[in-house]
1. Relative to the longest principal axis of the chain, what angle (0 to 90°, nearest 10) does the C-alpha long axis of helix 70-81 take?
2. Between residue 28 and residue 60, what FRET efficiency follows from the Cβ-Cβ distance if R0 is 41 Å, with the result rounded to 0.05?
3. On a 0 to 90 degree scale, rounded to 10, what angle separates helix 11-24 from the longest Cα axis of the chain?
4. Here are several values of semi-axes √(5λ) of the Cα gyration tensor in Å: (i) 23, 14, 12; (ii) 60, 12, 7; (iii) 46, 23, 13. Which one was derived from the coordinates shown?
5. Can you tell me the orientation of helix 28-40 relative to the chain, as the angle in degrees between its alpha-carbon axis and the longest Cα principal axis, to the nearest 10?
């Protein structure tokens, strides 16, 4: 059963949302309904996500340094590879 809901929102946000909805070919009401549903859906608990054995097997257990310059490291790798 659909019920009417009145919201007070910033006019600019409403206009942007209408444009977005138009581009996606969906009603603004449907977007808001889906958003509220995703917020209140109990079955999508973050703790319910199960990691597959394949993904677990890919983990090396090593931690990467936060200041790692991956572009520099990759460049070194390529230089050594094509010597």
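What follows draws every value from the coordinates through simple rules; no lab data is involved. Computed from a prediction, not measured in an experiment: that's the story for all the values here. A quick note on method: Cβ atoms are made from the backbone with ideal geometry, for glycine too, and the neighbour counts reach across all protein chains shown.
1. Approximately 40 degrees, to the nearest ten.
2. Values: r = 46 Å, r/R0 = 1.12.
Computed FRET efficiency for residue 28 and residue 60 comes out at 0.35.
3. 70 degrees
4. For semi-axes √(5λ) of the Cα gyration tensor in Å, the calculated option is (iii).
5. 60 degrees
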